[in-house]
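Right, one structure below, let's go through it.
The values are calculated or read from the model by the stated rules, or taken from the named source; none is laboratory data. In this text the structure is predicted, and so the values were computed from the model without any measurement. As a convention, Cβ positions derive from the backbone with ideal geometry for all residues, glycine included, and neighbour counts pool all protein chains shown. Keep in mind that these areas ignore ligands, DNA and RNA; they rest on the heavy atoms of the full protein, side chains included. Shrake-Rupley method; radii C 1.70, N 1.55, O 1.52, S 1.80 Å.
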Amino acid sequence: MSGTLITVAPTGAEVDKEQVPALPTTLEELVSAAIECERAGAAMVHVHIRDDASGPTLDLGRLRDTVAALRESTNLVVQLSTGGAVTDAEGDRLAVLEAAPDMASCTMGTVNFGDGVFMNRWEFIVELHERMRDRAVVPEYELFDLGHLPSLERLLERHGLPFGAHVHVDFVLGVPGGAAGDAATVTAFAEAVRRYLPEGTTFSATGIGRTTLPVMLASLAHGGHLRVGMEDTVSFARRTPVTGNGQLVRRAAEAAELAQRPPMAAAEARRLLGLRDAD
Ligand code: KMH
Ligand code: ZN
């Protein structure tokens, strides 16, 4: 069994900087968080960026600067979010790929998202999948509900494997409107990976809010990988706010060590995921 791929999602599009001052929203804060998280055991960073008012943005110039700065200061696999915020237009979400990240997210269906709707039409998913392959960007397919797994099977059957020919998915559990964040749901998703997706498909899992711990432990138990970060949870324990992303990555790395699948370095992650610069 391989080591554990730890992805950090440091910022997201939803958490309010005023309410959570430790959230990294400037480029300097993001790079500093990324450096700390790599030292703590992360191999990949899932990136959303913010504007000068700390609001979510998909500004292409900022995205390009962000990719360059993360590459300059870390070896982390840089994965840009094409999910953005629920208010983002499809054209802006597709244009994220022009910033030439190593990877990008590709959500496999529409889901209620708290009071909003995270819209992912079939034609949009196909366009994202094909543009990524054209640009040698490896997708991380984001699965918020069980139906997203047979949808991914259909995508791969009709439109072919992604760049690198390896399939990697992420279970995003505990979103109000999506699948629950508990051990039984991780088990159901892990079984659905074996049922619907190509042999060798790898998965990570993240639990939103207080579901972070049961999802993390269940994913490790199923041989899965981990995503943690302030995009997904801003509480470390009951009534204890997270001090920073490094704290969440350190806990994930300790859990991975305990499972005897220590965190993998970025170079190993690049090989596992079939990235274009893997050695
Ligand atoms: N912010 C959510 C609406 C992704 O990054 O691809 C979508 C999201 C998924 O976070
Ligand atoms: Zn995201």
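Anything in the stretch 152-175 that is touching a helix residue (DSSP H, G or I) at 6+ places or on another chain (Cβ under 9 Å), in a strand (DSSP E or B) and not aromatic (F, W, Y)? List them, or say none. Residues satisfying the conditions are H168, V169, L173.
Looking across the stretch 2-58, the residues that are touching a residue at least 40 places away in the same chain (Cβ under 8 Å), outside any loop (DSSP other than H, G, I, E, B), of a type outside the set (A, V, I, L, M, F, W, C) and within 16 Å of ligand 1 (Cβ to nearest atom) come down to T7, H46, P56. Once the stretch 104-124 is narrowed to residues that are more than 10 Å from ligand 1 (Cβ to nearest atom) and touching a helix residue (DSSP H, G or I) at 6+ places or on another chain (Cβ under 7 Å), the residue that is nearest to Y141 (Cα to Cα) is M108.
Starting from residues that are among the aromatic types (F, W, Y) and not in a helix (DSSP H, G or I), keep the ones in the stretch 83-140 and report whichever is farthest from V175 (Cα to Cα).
First, pick out the residues of the stretch 83-140 that are among the aromatic types (F, W, Y): 113, 118, 122, 124.
Now narrow it down to the ones that are not in a helix (DSSP H, G or I): 113, 118.
Values: F113: 6, F118: 11 Å.
So, considering only residues that are among the aromatic types (F, W, Y) and not in a helix (DSSP H, G or I), the one farthest from V175 (Cα to Cα) is F118.
Note on the stretch 184-199: residues that are among the small types (G, A, S), open to solvent by less than 50 Å² (accessible area, probe 1.4 Å) and either within 13 Å of A218 (Cβ to Cβ) or without any contact (Cβ under 8 Å) to a residue 24 or more places away in the chain (or both) total 2.
Per the listing E14, E18, the residue uniquely within 16 Å of ligand 2 (Cβ to nearest atom) and among the acidic types (D, E) is E14. Beta carbons closer than 9 Å, at least 6 apart along the sequence or on distinct chains, pair a first residue in the stretch 96-114 that is among the aromatic types (F, W, Y) with a second that is within 9 Å of ligand 1 (Cβ to nearest atom) for F113/E14; F113/V86; F113/F144; F113/V175. The residues of the stretch 81-101 that are farther than 13 Å from L63 by Cβ and either surrounded by 24 or more Cβ atoms within 10 Å (Cβ to Cβ) or within 11 Å of ligand 1 (Cβ to nearest atom) (or both), listed by number, are G83, A85, V86, T87.
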